[in-house]
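What follows is one structure encoded as structure tokens, with my remarks underneath.
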Amino acid sequence: VGARPGELASALLARLESLAQSQLDGVGPASEGGGELPELLSPRLVKTTLESVARLELPFPEHLSRLLAKTDASELDTQMFAPQSLVESMRVLLKNSNENTNSPNGRLVFRRYLRHSVETLGQFDTRSLASLVWTFATVRAEMSVTELLAITERAAERAPEFKARDMSMFLWGMAVLTKANDGKQEQQEQLIRRNGMDAKMLDEIVENRSNGEDGCAADSAVHPSDAELEAAKRFREASSRLYATFCMQLANAWPQLEATGLSNAVWALAKLEWVPRDRELRGFLRAIAARERELGAQHVANIAWGLARMYGLSLPGGRDAFAVPPLVFPPPLPTHPVLGAPLPGVHEGIRAGGDRDADRLPPGLWSSDALRDALGSLCARAEAVMPQFGPQAVCNLLWALVVLRAPPGGPGASPLVPLLQRIEAQVAGRIGEYAPRDLSSVLWAWARLGVRPSAGLQAALRARTLETLEGFDGRDA
């Protein structure tokens, strides 16, 4: 009839929406005169239609979305909603419609898929389970502690069967789902660690509630039920056991770790605040050496960031080791053959005063040159792939350099100078991509390293700061 494909699709979708509305209301135009209701849309038809909508990049229709959302599990086709099919369906929804998936109707659809997957976790093998968690993380799905606990317990049951790639995908997904700081995860983050709540405080709340006592002050922001608190405690314990198992298995299977899997695993373990033991760290360092020539910019930045965070967490004080003190630049130290300075136990970029007491050094490999050798390899690779580095990768790499090394002590004193020069050129050449947080991070890193940016970079940073001034919050300013 001469209609363009988009017009035809919209017309057909409008008709399906009308049928879905009739089905939701239980009445329709065809029944007003005593006729029969229109043909019922089966979950299979609704599912197929919504996937087609995603592929055509059309907005999710309200009534079809609501119809799928209210479908009972007993009505779902077991073949079309089998684990692999379910994961593939969610990927289709994401492929061309991330913004669409975040719409109210899109969230209805995705939430129904999520609920069904959690209800049928017993059917998921390790590959499907890893893909499922990765998919949830891609859209920062809103998940309760109970749902995260169910996924963690299922993974623990099948832990020995996980391949290296699937473990890295699973860890990456869990790191995003449980540690993200965006608005969707705020309530979840508050439940797990509200107002600085740690494991001990959470245990105290559960114990007080069981004794009929009120919660503590940190519990005032959100009031989860006793079941939620118990689930949060069980999730913390189960996830710790699972991360320990995966960390050990990944370290033993390091030859199977490809560049992306290695990057995801190191980043995720650091994000989850998990510090590998010596033998596990040795496996990751071997994988870095084996895959050095395959690493891209994002791989280098993520691995360097992850190692630096693990190192900081291994210090006495753990998370407090990342507090930013006043600038302290001590005299140059004896040089390391790769990076020009030894790895101190408590670095000036982490704590003030240059305290190097031997009893404050982290144990084993964390206090040896092995970690610095790995960082040296990463720096060499960073120079080779510097044109690939975007703002986030640059900031992650600079932060890692601050945490893992002492200031160079002056111009030309460190082999890092050539790398910093390459970073300067990369930042200046792509300065228009740098947001306020990136600009402040770059300046902070140069100051912590005790290096003055070149006149060209300073000019570029000043100009970009003035352009983006309205976007600076108090911290960045």
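Numerical summary
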quantity	calculated
Overall dimensions of region 41-92 by Cα: Rg and Dmax, Å	10.7, 30
Label-zone membership for region 146-165, site ARG279, 7 angstrom Cα→C-beta point, backbone N under 18 Å	160
Ranked packing of 107-115, 275-283, 465-473, most packed first, by mean Cβ within 10 Å	107-115, 275-283, 465-473
Estimated distance in nm for a label pair at VAL385 and GLN421, the labels positioned 7 Å out from Cα along Cα-to-Cβ	2.3
Vicinal HN-Hα couplings computed from phi for region 264-280 (Karplus, 6.51 cos²θ - 1.76 cosθ + 1.60; Hz; Gly/Pro x)	4, 5, 5, 4, 5, 4, 5, 4, 7, 6, 9, 9, x, 6, 3, 5, 6
Accessible heavy-atom area order of VAL46, VAL451, highest first, probe of 1.4 Å	VAL451, VAL46
Simple spin-label estimate for THR138 and ARG111 in nanometres, 7 Å along Cα-Cβ	2.1
Vicinal HN-Hα couplings computed from phi for region 375-388 (Karplus, 6.51 cos²θ - 1.76 cosθ + 1.60; Hz; Gly/Pro x)	5, x, 4, 5, 5, 4, 5, 4, 4, 5, 10, 3, x, 7
Exposure ranking of ARG462, ARG430 by accessible area [1.4 Å probe, largest first]	ARG462, ARG430
ARG154 accessible area, 1.4 Å probe, all protein chains in place, Å² to nearest 10	30
Alpha-carbon centroid distance for the pair region 437-477 / region 235-304, whole angstrom	32
Point-to-point label distance, ASP72-GLU153, nm (Cα→Cβ direction, 7 Å offset)	2.5
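The values are calculated or read from the model by the stated rules, or taken from the named source; none is laboratory data. Everything numeric here is computed off the predicted structure, so don't read it as measured data. Here Cβ is always computed from backbone atoms with ideal geometry, including for glycine, and neighbour counts include all displayed protein chains. When the accessible area is computed, the model is the full protein with side chains, heavy atoms only, and any ligands, DNA or RNA have been set aside. Shrake-Rupley method; radii C 1.70, N 1.55, O 1.52, S 1.80 Å.
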